[in-house]
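Remarks on the structure that follows.
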Amino acid sequence: MQGASTADGANIVQYSDWNGANQQWQLVRVGGTTQPPAGTFTNPVVWQDFADGDIIRVGDTYYYSASNMHYSPGAPILRSYDLVNWEYAGHSVPRLDFDSAAYDLGGSRAYVKGVFASTLNYRRSNGTYYWIGCVEYNRTYVYTASAVDGAWSKRARINNCYYDAGLLIDDDDTMYVAYGNTTISVAQLSADGLSQVRAQQVFQTPSSVGTLEGARFYKRGGYYYIWLTRPANGQYVLRSTSPFGPYEMRQVLLDMPGPISGGGVPHQGGLVQTQAGDWYYMSFVDAFPGGRVPALAPISWSSDGWPTVQTVNGGWGATYPKPNISTTRTVQPMTANDTFTGTRLGPRWEWNHNPDDTRWSLSNGLRLQTATVTNDLYNARNTLTHRVQGPASTATVELDYSTMRDGDRSGLAMLRDSSAWIGIRRDNGQTRVVMTNGLTMGSGWTTTGTGTEAASAGISGGRIWLRARADVRPGAGRQATFSYSTDGTNFTALGPGFTLNNAWQFYPGYRYAMFNYATQALGGSVTVKRFQMTAP
């Protein structure tokens with residue numbers, strides 16, 4: 001079917017394939033939500049934007065590494081002890097040190113570049129974690145650390161692209177990387193994992209399947225498996241008795257109904273085995289405007305060694321029995337209440353591009369000095385972001401704006417390629433709280449709109465609470481609303497509702513973003529006293 005309506009509340013949803021040409025249809029349940037029974041978990045296990053995931057277990061701890069494109073630090077890592085409850089743990093790329101000034105917003109920009117579909121694994125022989133990722137389709141970087149939440153170091157640049165890499169450390173400690181788009185290759189790395197020994201093509205995707213990418217590389221029962229996605233609605237697997245093939249292919253899923261009403265088909269991601277020997281598949285689900293969110297399902301293996309997703313009524317379950325994992329260890333919530341009293345930012349925070357570290361600090365709050373003179377938020381350095389919690393959440397920022405200067409703009413944004421914000425404008429010695437919308441990017445992620453003031457009110461006193469509430473249930477027409485308070489208790493709505501863009505092409509979902517930039521001259525500053533994100 002083509003061109004049919006997908007109005008909010010309809011009992012069918014529409015998916016576009018990778019090129020936006022064809023459409024698949026899926027029946028979904030509508031109406032209220034119900035609580036899962038005891039002993040089960042609910043998908044998505046994390047309703048925040050963590051796409052292209054790689055998942056591993058080290059001892060009794062699970063780690064999930066994801067894409068984050070142009071946000072810095074790069075390659076975020078989540079941690080869990082039961083596969084269901086997750087927390088922020090660290091980043092594999094401390095700074096987007098990718099041999100380009102664009103990642104510093106240094107006259108050019110790196111939107112929708114940077115970290116995507118990378119791989120994380122642990123090498124027991126030397127107690128080292130390895131992250132490997134291709135940047136801008138032409139170079140690959142290797143970072144290592146002795147602990148996920150420790151200090152990561154850039155160790156190597158390999159001057160070819162391991163596109164959508166998957167790292168396997170074989171039983172004899174040899175390191176292999178599976179990679180590619182449609183043409184799938186395997187590279188053998190040097191003994192230290194920092195250079196290439198050899199590489200060869202191992203598989204060509206049949207034209208009847210289309211595109212396969214998103215490689216993950218495993219070994220089980222004497223077989224090598226390359227786990228591949230058909231974006232954005234299928235999953236396939238290759239199998240061989242040698243890392244270099246030949247490989248045979250099986251379909252794992254295609255157009256499988258997903259666990260999120262209005263969301264896409266679960267796909268990509270990776271496999272992990274529990275301490276008890278059970279296998280699970282952590283995929284992601286397209287759920288824009290919020291992004292791509294992780295979903296978990298158990299895996300069964302056939303008697304002849306092929307993996308199958310365990311389904312519920314023919315689809316990816318909205319609920320499953322909890323994994324058979326016994327642990328007393330707990331995790332920190334994915335929602336945030338940060339007063340910025342530590343010595344460094346926690347792993348939940350990511351800057352829009354690399355920050356200017358000379359112009360922010362932590363001392364009784366987060367002090368943001370103006371770092372850029374611009375009229376374009378997309379060009380402003382030191383914009384600090386937090387993923388939106390779905391299906392809906394509220395972010396509140398307590399802001400001390402008493403040291404702003406004329407021409408400065410500071411506030412809380414809903415940040416994506418179509419953006420809006422609430423915040424303070426200081427002009428001619430006067431301050432106003434304003435709601436601004438119409439910030440847009442076009443093709444090539446160049447700015448096409450720097451914003452239009454939609455509402456304002458006079459303000460004084462030097463302190464304000466800014467609030468954004470975002471509805472990021474998958475679908476068109478979802479909105480964010482803005483409000484402010486002068487006492488932290490009573491909030492006043494400001495401006496019209498802002499309709500969130502749910503197109504996938506920008507990839508990352510909406511983020512709450514705190515910013516402070518100058519339009520006239522540097523020298524002003526603000527202090528964020530508190531950031532709080534709550535979800536119903």
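The values are calculated or read from the model by the stated rules, or taken from the named source; none is laboratory data. What you are looking at is a predicted structure, and each value in this text was computed from that prediction instead of being measured. Neighbour counts are summed over all protein chains in view; Cβ atoms, including those assigned to glycine, are modelled from backbone coordinates with ideal geometry. The accessibility values were calculated without ligands, DNA or RNA, using every heavy atom of the protein model including side chains. Shrake-Rupley method; radii C 1.70, N 1.55, O 1.52, S 1.80 Å.
Looking across the range 88-126, not a single residue is among the β-branched types (Val, Ile, Thr) and without any contact (Cβ under 8 Å) to a residue 40 or more places away in the chain.
The condition of being open to solvent by 40 Å² or more (accessible area, probe 1.4 Å), out of contact with any Ser or Thr (no Cβ under 8 Å at 6 or more places or on another chain) and modelled with pLDDT under 95 does not hold for Ser456.
Applying the condition of being among the polar types (S, T, N, Q) and under 18 Å from Leu167 (Cα atoms) to the range 55-105 and asking which residue is nearest to the chain's Cα centre (by Cα) yields Ser67. Among strands (runs of 3 or more DSSP E) entirely within the range 183-243, having at least 1 residues that are farther than 19 Å from Ile56 by Cβ and of a type in the set (Lys, Arg) singles out 196-204, 223-230, 234-240. Taking the range 128-176 as the range and being part of a strand (DSSP E or B) and farther than 30 Å from Trp349 by Cβ as the test, the residues that pass are Leu168, Ile169, Met175, Tyr176.
Yes/no matrix, rows are residues, columns are (1) more than 24 Å from Ser153 (Cβ to Cβ); (2) at pLDDT below 95; (3) open to solvent by 30 Å² or more (accessible area, probe 1.4 Å):
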position: Asn11; (1), (2), (3): yes, yes, yes
position: Pro44; (1), (2), (3): yes, no, no
position: Arg79; (1), (2), (3): no, no, yes
position: Phe98; (1), (2), (3): no, no, no
position: Ala101; (1), (2), (3): no, no, yes
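With respect to Gln268, determine if the residue is within 19 Å of Ile56 (Cβ to Cβ) and assigned to a loop (DSSP other than H, G, I, E, B). For Gln268, the condition - within 19 Å of Ile56 (Cβ to Cβ) and assigned to a loop (DSSP other than H, G, I, E, B) - is not met.
Residues are listed down the side, and each one gets a yes or a no for (1) touching a strand residue (DSSP E or B) at 6+ places or on another chain (Cβ under 6 Å); (2) assigned to a strand (DSSP E or B):
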site: Arg57; (1), (2): yes, yes
site: Ser67; (1), (2): yes, no
site: Pro76; (1), (2): yes, yes
site: Asp82; (1), (2): no, no
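Evaluated against (1) more than 27 Å from the chain's Cα centre (by Cα); (2) of a type in the set (D, E, K, R); (3) assigned to a loop (DSSP other than H, G, I, E, B), Arg381 falls short on exactly one condition, (1). For the range 428-440, a residue qualifies if it is over 20 Å from Thr486 (Cα atoms) and open to solvent by 20 Å² or more (accessible area, probe 1.4 Å), and the qualifying residues are Asn428, Asn437, Gly438, Thr440. Within the range 127-144, residues that are within 11 Å of Ala156 (Cβ to Cβ) and charged (D, E, K, R) reach partners that are part of a loop (DSSP other than H, G, I, E, B) and open to solvent by 10 Å² or more (accessible area, probe 1.4 Å) with beta carbons closer than 7 Å, at six or more positions or on different chains, in the pairs Arg139/Asn159; Arg139/Cys161.
Pairs meeting the criteria (first residue in the range 366-394 and open to solvent by 10 Å² or more (accessible area, probe 1.4 Å), second residue among the basic types (Lys, Arg), beta carbons under 6 Å, at least 6 apart or on different chains) are Gln369/Arg359; Ala371/Arg359; Ala371/Arg381; Thr372/Arg381; Pro391/Arg473; Thr394/Arg469.
Give the residue that is nearest to Arg348 (Cα to Cα), with candidates limited to residues of the range 386-438 that are small (Gly, Ala, Ser) and over 31 Å from the mean Cα position of the chain (by Cα). Explain how you work it out, then say what you get.
Of the residues in the range 386-438, the ones small (Gly, Ala, Ser) are 390, 392-393, 395, 402, 407, 410-411, 413, 418-420, 423, 429, 438.
Applying the additional criterion that residues be over 31 Å from the mean Cα position of the chain (by Cα) yields 402, 407, 429.
Working: Ser402: 27, Gly407: 30, Gly429: 35 Å.
Among those that are small (Gly, Ala, Ser) and over 31 Å from the mean Cα position of the chain (by Cα), it is Ser402.
Quick check on this structure: which one of Asp192, Asp170 is of a type in the set (Asp, Glu), touching a residue at least 60 places away in the same chain (Cβ under 8 Å) and surrounded by fewer than 18 Cβ atoms within 10 Å (Cβ to Cβ)?
On the way: Asp192 fails: touching a residue at least 60 places away in the same chain (Cβ under 8 Å).
Among Asp192, Asp170, only Asp170 is of a type in the set (Asp, Glu), touching a residue at least 60 places away in the same chain (Cβ under 8 Å) and surrounded by fewer than 18 Cβ atoms within 10 Å (Cβ to Cβ).
So which residues in the range 103-159 are polar (S, T, N, Q), farther than 22 Å from Tyr88 by Cβ and crowded, with 16+ Cβ neighbours inside 10 Å?
Step one: of the range 103-159, the residues polar (S, T, N, Q) are 108, 118-119, 121, 125-126, 128, 138, 140, 144, 146, 153, 159.
Still in the list and also farther than 22 Å from Tyr88 by Cβ: 108, 125-126, 138, 140, 159.
Of everything in the range 103-159, just one residue is polar (S, T, N, Q), farther than 22 Å from Tyr88 by Cβ and crowded, with 16+ Cβ neighbours inside 10 Å, namely Thr140.
Being surrounded by fewer than 23 Cβ atoms within 10 Å (Cβ to Cβ), under 17 Å from Ala420 (Cβ atoms) and among the charged types (D, E, K, R) narrows it down to one of Arg511, Arg473, Arg469, Arg463, so name that one.
Of the residues listed, the single one that is surrounded by fewer than 23 Cβ atoms within 10 Å (Cβ to Cβ), under 17 Å from Ala420 (Cβ atoms) and among the charged types (D, E, K, R) is Arg469.
Kindly establish whether Ala476 is modelled with pLDDT of 95 or more, farther than 17 Å from Thr396 by Cα and hydrophobic (A, V, I, L, M, F, W, C). So Ala476 passes the test.
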